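Worksheet: the structure to be examined is printed underneath.
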Amino acid sequence: MTFAVAAPLCHLPQLRSSLDFSKANQLGRGGITLVNHGVIVHARKVTCPRTCPTLLERQLRSDLQQLEMWSPRAIRPPRPVPKPQLWTRQLLPYSASSQPYYGVRIGKFTQYFHDVAGEVFVMDDKTLFIKGFSYDGQGPDAYFWAGTSQKTDGSGFIIPDERGSLVKLGQYRNKDLVIRLPDNKSVRNIRWISVWCKKFSANFADLYLPRNLQIPKPVTVEKLPTWDHGVTSGPVTIIDSQTFLVPGIMYDGLGPGKANVSENVAINE
């Protein structure tokens, strides 16, 4: 029979005459962890004579109730507290990928000329995100272009660049862009997007939107809280995990840092 005790063996005077302590004392404090009557304790193995197992077991159970139990395996470090997810993640569609959420993926540009590349996502009904956009800038009159016809052609319209400008595109090298359709246009009504040269009616690259495209909706939350410097705003809109639209923001400009604040601010982390 094998027992486990939770303190130095000298704490069990009632059992000294019946158990063999000579080897256990030589082994030092180390030991093994055993379960004895539902209690995890730490000790060395000690052998009980076969003539008195019932008496020793009963006495051991009584003594264990008076001893302070200790076990290096029973004493475990506290479990780490899981970090809370970003509150934007709780409001936006979940992505099983480890990549940040940019919206609903459409696909990559099919490149024909001028090294156009990029992966396009729909952020909402009027906003597109282009991941890693590249273009050599050598086209004479190129723009972001979209249309409703069955094939890419000159019947489309210009999509302003990431600055909201209608000037021709310059050179880009693996740049992430957010572009918005004109006010009277909607992603759900377009068939394709492209990089198009108006002067020569040339298609540098294009991408077709699927007909069953599920367009994500932005989420509107509370206004910015006012803590200092007269900061106020309208309800904040979460466009994706990187972009917040803060309408009607007000700030007195007296903080120690510098800030350029317009009537409507899109914050892109």
Self-check item: Candidate set from the range 96-128 (those that are surrounded by fewer than 15 Cβ atoms within 10 Å (Cβ to Cβ) and out of contact with any strand residue (DSSP E or B) (no Cβ under 8 Å at 6 or more places or on another chain)); member that is modelled with the lowest pLDDT
Solution: A96
Practice problem: Collect the residues in the range 117-161 that are in a loop (DSSP other than H, G, I, E, B) and closer than 29 Å to L245 by Cα, keeping them in residue-number order. | Solution: D125, K126, T148, G156, P160, D161
Exercise. Give the residues of the range 141-158 that are among the basic types (K, R) and under 35 Å from the mean Cα position of the chain (by Cα), sorted by residue number.
Key: none
Quiz item: Within the range 195-235, how many residues are at pLDDT 95 or above, farther than 17 Å from I130 by Cα and not charged (D, E, K, R)?
Solution: 5
Quiz item: Is one or more of the residues making up the range 123-134 free of Cβ contacts under 8 Å to residues at least 12 places away in the same chain, among the polar types (S, T, N, Q) and within 23 Å of P216 (Cβ to Cβ)?
Solution: no
Quiz item: Taking the range 159-198 as the region of interest, how many residues are within 21 Å of G103 (Cβ to Cβ) and over 33 Å from the mean Cα position of the chain (by Cα)?
Solution: 0
Practice problem: Tell me which of these L169 doesn't satisfy, since it passes every other one: (1) assigned by TED's automatic domain parsing to the domain that holds S155; (2) touching a residue at least 40 places away in the same chain (Cβ under 8 Å); (3) of a type in the set (A, V, I, L, M, F, W, C). | Solution: (2)
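The values are calculated or read from the model by the stated rules, or taken from the named source; none is laboratory data. This structure is a prediction, so every number in the text was calculated from the model and none was measured. We place every Cβ from the backbone using ideal geometry, glycine too, and count neighbours over all the protein chains shown.
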